[in-house]
1. Condition first: buried (at least 18 other Cβ atoms within 10 Å of the Cβ), modelled with pLDDT under 90 and within 16 Å of ligand 4 (Cβ to nearest atom). Now tell me which residues in the stretch 164-201 satisfy that.
2. If M228 satisfies all but one of (1) crowded, with 18+ Cβ neighbours inside 10 Å; (2) closer than 16 Å to Q53 by Cβ, what's the number of the condition it fails?
3. Kindly indicate the residue of the stretch 150-207 that is within 13 Å of ligand 3 (Cβ to nearest atom) and assigned to a loop (DSSP other than H, G, I, E, B) and also nearest to the chain's Cα centre (by Cα) among those meeting that condition.
4. Condition first: modelled with pLDDT under 95, open to solvent by 40 Å² or more (accessible area, probe 1.4 Å), charged (D, E, K, R) and in a helix (DSSP H, G or I). Can you find one or more residues in the stretch 51-70 that meet it?
5. How many residues does the stretch 91-109 contain that are under 20 Å from E28 (Cα atoms) and surrounded by fewer than 22 Cβ atoms within 10 Å (Cβ to Cβ)?
6. Of the residues A36, A19, only one is open to solvent by less than 70 Å² (accessible area, probe 1.4 Å) and modelled with pLDDT under 95; which?
7. Could you tell me which residue of the stretch 110-150 is least open to solvent (accessible area, probe 1.4 Å), considering only residues that are of a type in the set (D, E, K, R) and away from ligand 2 (no atom under 16 Å from the Cβ)?
8. Considering only residues of the stretch 207-217 that are closer than 12 Å to L244 by Cα and open to solvent by 10 Å² or more (accessible area, probe 1.4 Å), which is nearest to ligand 2 (Cβ to nearest atom)?
Amino acid sequence: TIKAGGRNGFAFFNQAMAATADERHRLEVDFREGLARGEFELYYQPLVDAVTQQLRAMEALVRWNHPDKGLIAPDRFIAMAEDTGLVGALGEWILQTACAEAATWPDHVKIAVNISPVQFRKTNLLDVIMCALVDSGLPPERLEIEITERVLLEWQADHLSILHQLKNLGISVALDDFGTGYSSLSYLTTFPFDKLKIDRSFTRDLLARDHCGAIVCAIVNLGRSLDMLTLAEGVESEAQLRMLRAAGVDQVQGYYIGRPAPARDLVFETGRRQQAGARDTDTIRLS
Ligand code: C2E
Ligand code: MG
Ligand code: MG
Ligand code: MG
């Protein structure tokens, strides 16, 4: 039931995963060992200015190079990592690795790191972030944390205080997948996010459904009044990019701009980091 080469070139094994509790357990064991064996890897995807296409940030997206199953996407293991309590260790590795890598990039490029709600609730997130910054020497202004509405759903005074402390350190905070799930606009007044990442479902339906354009415009206006940047996820075509620009979105991200790629394939044209030897098709050229 292992099927290779999904949309992202991942091996998907949904059926296999759903199959038995036994296999689930097997995967958990694999996961624990995989973490120790260094089977995880970060891919990076560019976030660019919607108009100038200048690179603003790279989002770190974790992958698991499973010895038998191949490259596994995070949707297949983040939930398991949360359930088993391993998300703390994984999250720490992700922050350490992402910050260390970003420290070698040009100064104007931020690193965006996804934080799971469980990481928020169950780990000493502030300490972990501080360590990653100190160890890497990355200035806090270059770190952007992405949280989803799930964090806000379990909103506690604690969470708010952590977010405020992050902001006071100069770290920016983005609200990921905005407009889906448990949306309530009230939390936008509870915490001053730096950025709203408009969920890719809105970008996807932009051309097919009139109301998606209206929603994107509304979010852009909301962002402007609340002094938050807006970014549209999942941009896959020139037509979508044009519409998003017209709507006034600040930043864009998606396969049309650049696919997630491992650190070794990144070339910053204006930067210090010049990687030789990568094939051109595997390389994201970023300026
Ligand atoms: P996300 O944070 O919303 O990340 C964007 C996802 O959309 C990524 O999937 C990315 O590869 C995909 N994507 C980007 N551009 C396009 C596009 O043009 N079209 C389409 N169809 N998809 C696009 P990925 O890497 O599979 O990650 C899925 C989710 O897993 C992420 O959603 C995030 O919630 C979570 N995740 C990924 N990396 C991490 C991590 O390091 N830590 C945590 N806690 N969660 C992570
Ligand atoms: Mg994200
Ligand atoms: Mg997102
Ligand atoms: Mg998303």
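The values are calculated or read from the model by the stated rules, or taken from the named source; none is laboratory data. Just so it is clear, the structure is predicted and the values come from calculations on it, not from any experiment. For neighbour counting, all protein chains shown are included, and Cβ atoms are generated from backbone atoms with ideal geometry for every residue, glycine included. To get the accessible areas, we keep the full protein, side chains included, count just its heavy atoms, and leave off ligands, DNA and RNA. Shrake-Rupley method; radii C 1.70, N 1.55, O 1.52, S 1.80 Å.
1. Passing the criteria: only G179.
2. Every condition holds for M228 apart from (2).
3. So, considering only residues that are within 13 Å of ligand 3 (Cβ to nearest atom) and assigned to a loop (DSSP other than H, G, I, E, B), the one nearest to the chain's Cα centre (by Cα) is D199.
4. Scanning the stretch 51-70, I find no residue that is modelled with pLDDT under 95, open to solvent by 40 Å² or more (accessible area, probe 1.4 Å), charged (D, E, K, R) and in a helix (DSSP H, G or I), so the answer is no.
5. Going through the stretch 91-109, the residues under 20 Å from E28 (Cα atoms) turn out to be 91-94.
Imposing the further condition that a residue be surrounded by fewer than 22 Cβ atoms within 10 Å (Cβ to Cβ) reduces the set to 92-93.
Counting residues in the stretch 91-109 that are under 20 Å from E28 (Cα atoms) and surrounded by fewer than 22 Cβ atoms within 10 Å (Cβ to Cβ) gives 2.
6. Values: A36 fails: open to solvent by less than 70 Å² (accessible area, probe 1.4 Å).
Of A36, A19, the one residue that is open to solvent by less than 70 Å² (accessible area, probe 1.4 Å) and modelled with pLDDT under 95 is A19.
7. Let us first name the residues in the stretch 110-150 that are of a type in the set (D, E, K, R), namely 110, 121-122, 127, 135, 141-142, 144, 146, 149-150.
This time we only want the ones that are away from ligand 2 (no atom under 16 Å from the Cβ), so: 121-122, 127, 135, 141-142.
Values: R121: 103, K122: 145, D127: 88, D135: 108, E141: 106, R142: 20 Å².
In this case the residue turns out to be R142.
8. Going residue by residue through the stretch 207-217, those that are closer than 12 Å to L244 by Cα are 207, 212-217.
This time we only want the ones that are open to solvent by 10 Å² or more (accessible area, probe 1.4 Å), so: 207, 213-215, 217.
Numbers: L207: 23, G213: 23, A214: 24, I215: 19, C217: 22 Å.
Across the stretch 207-217, the extreme among qualifying residues is I215.
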